[in-house]
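Some notes on the structure that comes next.
The values are calculated or read from the model by the stated rules, or taken from the named source; none is laboratory data. Because the structure is a prediction, the values reported are computed rather than measured. Virtual Cβ from ideal backbone geometry, glycine too; neighbours counted across all protein chains shown. These accessible areas exclude ligands, DNA and RNA; they are computed on the full protein's heavy atoms, side chains included. Shrake-Rupley method; radii C 1.70, N 1.55, O 1.52, S 1.80 Å.
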Amino acid sequence: MSSTKYTEYDAYAAAEEAAEGKVFDANGADWDKVVSAAQESGDERLVINMGPQHPSTHGVLRLILTLDGETVNEARVGIGYLHTGIEKNMEFRTWTQGTTFCTRMDYLAPLFNEAAYCLSVERLLGIEDKIPERAQIIRVMMMELNRISSHLVAIATFGLELGATTVMLNGFIEREYTLDLFEEITGLRMNHAYVRPGGVAQDLPSGATSKIRDYLDRMPKRIQALRKLMDDNPVFKARTQNIAYLDLTGCMALGITGPVLRAAGLPWDLRKSQPYCGYETYDFDVPTQDTCDVYGRYLVRMDEMEQSLRIVEQCLERLQSVKGPVMIEDKKIGWPAQLAIGADGMGNSPRHIAHIMGTSMEALIHHFKLVTEGFRVPAGQAYAPIESPRGELGAHVVSDGGTRPYRVHFREPSFVNLQATPAMSEGGMVADIIAAVASIDPVMGGVDR
């Protein structure tokens, strides 16, 4: 045998050789290197840290800016300050318990995190066509309500970051009404773990339908009130029009999805192009703009809230006629969904306990194994994408045939869309950095999952 000489491979060095120009390593404890690199260039320029702080950098996002006067020459994004290890933690819980972890990723859109994960698990189980119709309607309704609440935060914080406190107050007031509905239906304002493999945790409680109807009566007028504050506001338009320009070619090159992509003119929405949960049966439009700027992204989000109200209205009409279970009938998979609070205000109701304990030994065994061990998922892998408020959110789930995920990885739109920050910002003014990042609407819980 001939001997072969191996040389040590340094992936980072290879990347530096292949890249054009200087490669910057933006992570913790690197400030000395950043400053020395700026000094070596010989140019008179200022390197500053923007963040991590809240809310002008959306939580724990660090921007390293190289300025020539007021002009941004370079913008680098530093992430990782909010790392929670959610994906890794999911490997040590049952398939159903995974929803309690992933719901906390993008904490402004928890129901979308749950839905993407559960759709992937259901695809592995081969039960996509066995999910009860009522459960699918409730999923769609809850996601669209969540889209409204998420966009309201995007608009509210956007206004605050540009100095419009009134917009912030109005946006958060309206979000409260949405969170009230979530609390009524799921028991929690955020991080619900409501969407579960096989359906949803429980049916709508008594009185929820009338409260959703009141919400639908209120919100169109409130959205119009927000539009009056911003749509034609000369100061707002001066801060957003022709700012952070990113055209369709740039979006495609960077893998950008969601309102940023649709503001560049492409009506790409997974609810239409790759429908799930029965979205193909709903009547709604995909709003677009062709401005490719911050103002267009704002308009797209405002239009999307109005379309979400249309979808919720249709869901409410269907729920009047579609009755039945909200969890798959297979007792070996479906988590007990018909729960109620006991007489002491805690735990399960005596009626539910009597049902589990007194029906049959087989029912008791199924319940015990499902809760303590969890169901098994056939070996394989699946990817299910959905349209979250920030773009394509997908869950890639891998099973080795056990009762826990072997691997779960999310295609998180905030993480991908943040790549656009340099393209939007470099060559512009430092004051426009805030508007650029706000128009991306990143949620760092999803980025640093």
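From the list GLN289, GLN314, the lone residue that is among the polar types (S, T, N, Q) and either part of a helix (DSSP H, G or I) or surrounded by 23 or more Cβ atoms within 10 Å (Cβ to Cβ) (or both) is GLN314. Considering the conditions (1) more than 19 Å from the chain's Cα centre (by Cα); (2) of a type outside the set (A, V, I, L, M, F, W, C); (3) within 30 Å of ARG376 (Cβ to Cβ), THR186 is excluded by exactly one of them, (1). Taken as a whole, the stretch 188-203 holds no residue that is open to solvent by 70 Å² or more (accessible area, probe 1.4 Å), out of contact with any helix residue (DSSP H, G or I) (no Cβ under 9 Å at 6 or more places or on another chain) and modelled with pLDDT under 90.
Of the residues making up the stretch 97-107, just one is hydroxyl-bearing (Ser, Thr, Tyr), over 16 Å from HIS396 (Cα atoms) and at pLDDT 90 or above, namely THR100.
Consider the stretch 231-265 and keep the residues that are over 25 Å from the mean Cα position of the chain (by Cα) and in a helix (DSSP H, G or I). The one that is nearest to THR288 (Cα to Cα) is LYS237.
Residue by residue, here is whether (1) modelled with pLDDT of 90 or more; (2) open to solvent by 30 Å² or more (accessible area, probe 1.4 Å) holds:
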site: HIS151; (1), (2): yes, no
site: ILE155; (1), (2): yes, no
site: GLY159; (1), (2): no, no
site: ALA164; (1), (2): no, yes
site: VAL167; (1), (2): no, no
site: ILE173; (1), (2): yes, yes
site: TYR177; (1), (2): yes, yes
site: LEU181; (1), (2): yes, no
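Of all residues in the stretch 308-336, those that are over 18 Å from LEU216 (Cβ atoms) and basic (Lys, Arg) have Cβ atoms under 7 Å from Cβ atoms of residues that are at pLDDT 90 or above and part of a helix (DSSP H, G or I), 6 or more apart or on another chain, in LYS323/ARG134.
Taken over the stretch 59-88, the criterion of being open to solvent by 40 Å² or more (accessible area, probe 1.4 Å) and without any contact (Cβ under 8 Å) to a residue 60 or more places away in the chain is satisfied by ASP68, GLY69, LYS88. Any residue that is part of a loop (DSSP other than H, G, I, E, B), hydroxyl-bearing (Ser, Thr, Tyr) and within 21 Å of GLN97 (Cα to Cα) - is there at least one of those in the stretch 376-395? Within the stretch 376-395, not a single residue is part of a loop (DSSP other than H, G, I, E, B), hydroxyl-bearing (Ser, Thr, Tyr) and within 21 Å of GLN97 (Cα to Cα). Considering every residue within the stretch 78-88, establish whether at least one is in a strand (DSSP E or B) and farther than 10 Å from PRO405 by Cβ. Looking through the stretch 78-88, at least one residue is in a strand (DSSP E or B) and farther than 10 Å from PRO405 by Cβ. Checking each residue in the stretch 97-135 for being within 25 Å of LYS332 (Cβ to Cβ), open to solvent by 10 Å² or more (accessible area, probe 1.4 Å) and within 20 Å of the chain's Cα centre (by Cα) picks out GLN97, THR100, PHE101, LEU119. Pairing each residue of the stretch 232-248 that is touching a residue at least 12 places away in the same chain (Cβ under 8 Å) and surrounded by 12 or more Cβ atoms within 10 Å (Cβ to Cβ) with any residue that is of a type in the set (A, V, I, L, M) and in a loop (DSSP other than H, G, I, E, B), provided the two are 6+ apart or on different chains, yields C-beta distances under 7 Å for PHE236/LEU162; PHE236/ALA164; ARG239/LEU162; LEU246/ALA264; ASP247/ALA264; LEU248/ALA264; LEU248/LEU266. Does any residue in the stretch 89-114 that is closer than 23 Å to ARG147 by Cβ and among the charged types (D, E, K, R) come within less than 6 Å, Cβ to Cβ, of a residue that is open to solvent by less than 40 Å² (accessible area, probe 1.4 Å) and not in a loop (DSSP other than H, G, I, E, B) six or more places away or on a different chain, and which pairs are these? The qualifying pairs are ASP106/ASN113; ASP106/GLY445; ASP106/GLY446; GLU114/THR99; GLU114/VAL195.
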